[in-house]
1. Consider A:R67 carefully, then state whether it is surrounded by fewer than 16 Cβ atoms within 10 Å (Cβ to Cβ), in contact with a strand residue (DSSP E or B) (Cβ under 8 Å, 6 or more places away or on another chain) and more than 26 Å from B:M22 (Cβ to Cβ).
2. If you take the residues in the stretch A:40-90 that are part of a strand (DSSP E or B) and charged (D, E, K, R), which one is farthest from B:V5 (Cα to Cα)?
3. Scan the stretch A:5-23 and tell me whether some residue there is among the polar types (S, T, N, Q) and touching a helix residue (DSSP H, G or I) at 6+ places or on another chain (Cβ under 6 Å).
4. Please go through the stretch A:50-90 and pick out each residue that is more than 9 Å from every other protein chain (Cβ to nearest Cβ), polar (S, T, N, Q) and in contact with a Lys or Arg (Cβ under 8 Å, 6 or more places away or on another chain).
5. From the list B:L68, B:L56, exactly one residue is among the hydrophobic types (A, V, I, L, M, F, W, C) and within 18 Å of A:L88 (Cα to Cα). Which is it?
6. As an exercise: evaluate B:V78 against (1) without any contact (Cβ under 8 Å) to a residue 40 or more places away in the chain; (2) more than 10 Å from DNA strand D (Cβ to nearest atom) and give the number of the one condition it does not meet.
7. Would you mind stating whether B:E32 is among the acidic types (D, E), in a helix (DSSP H, G or I) and within 14 Å of DNA strand D (Cβ to nearest atom)?
8. Of all residues being charged (D, E, K, R) and within 13 Å of DNA strand C (Cβ to nearest atom) in the stretch A:1-36, which is farthest from the other protein chains (Cβ to nearest Cβ)? Just the residue, please.
2 protein chains.
Amino acid sequence: MSRAVDVARLIGDRSRATILAMLADGPHCVCEFATALGARENNVSNHLARLRQAGLVRSTRHEANGRLQYYERDEAAVEAARTALSTLLR
Amino acid sequence: MSRAVDVARLIGDRSRATILAMLADGPHCVCEFATALGARENNVSNHLARLRQAGLVRSTRHEANGRLQYYERDEAAVEAARTALSTLLR
DNA sequence: TTGACCCATCAGCCGCTGCTGACATATCCT
DNA sequence: AGGATATGTCAGCAGCGGCTGATGGGTCAA
């Protein structure tokens, strides 16, 4: 229950919500989020750090271009978050 | 999508989350929420006003004791909120 | 190696939000 | 009518959280 509240507080931000929605169709780098959101890289990086601390996303370096930090969703954690929110509204 | 963010922001508060969870098993009055949360009536009333403005709950007067304002969930709206959050994490 | 690029971290500021205290309103009881 | 109970509303305050600017690290190309 407290977990569901924390997840809801994370999603209750448009930037983080769109980040999670963008990650539905595969990994993206920080700069892509920044251009899509109209925000700066450090701001996006802060949001991603929150999501990463919550275990919802992982970060890996791109194999071709090592300067790019690619983020992908932890599908198991996202699915657990979905069920937690769903049971909260049961 | 913006709707899901608004709902998530509402649920991202422990008081409102527990209120919605308590409303799963039937209507309750403001004083019951206040004692369960350890909060004051005006504070709970403020949270209920938010939930009411979002269309998630309705308020009706008790037929026996008209001083009591009973709150119940709008099941259709709650179900819509559940699906909105679920599709956001799809 | 030097520079450019991409990202992370930190301190600081500012706006939003929840809580509180005071007051108003509505209903019931005597 | 008058008091008690239950709830709503409002201004004010304190704390949290997001955005920014600056700085540093890590990677690649020339």
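Each reported figure results from applying straightforward, stated rules to the coordinates on display, with no laboratory input. Owing to the predicted nature of the structure, the values given are computational and were not obtained by experimental measurement. FYI the Cβ positions are ideal-geometry reconstructions off the backbone, even for glycines, and counts take in every protein chain you see.
1. no
2. Filtering first and then ranking leaves A:R61.
3. yes
4. Residues satisfying the conditions are A:S59, A:Q69.
5. B:L56
6. Status for B:V78: all satisfied but (1).
7. yes
8. Result: A:E32.
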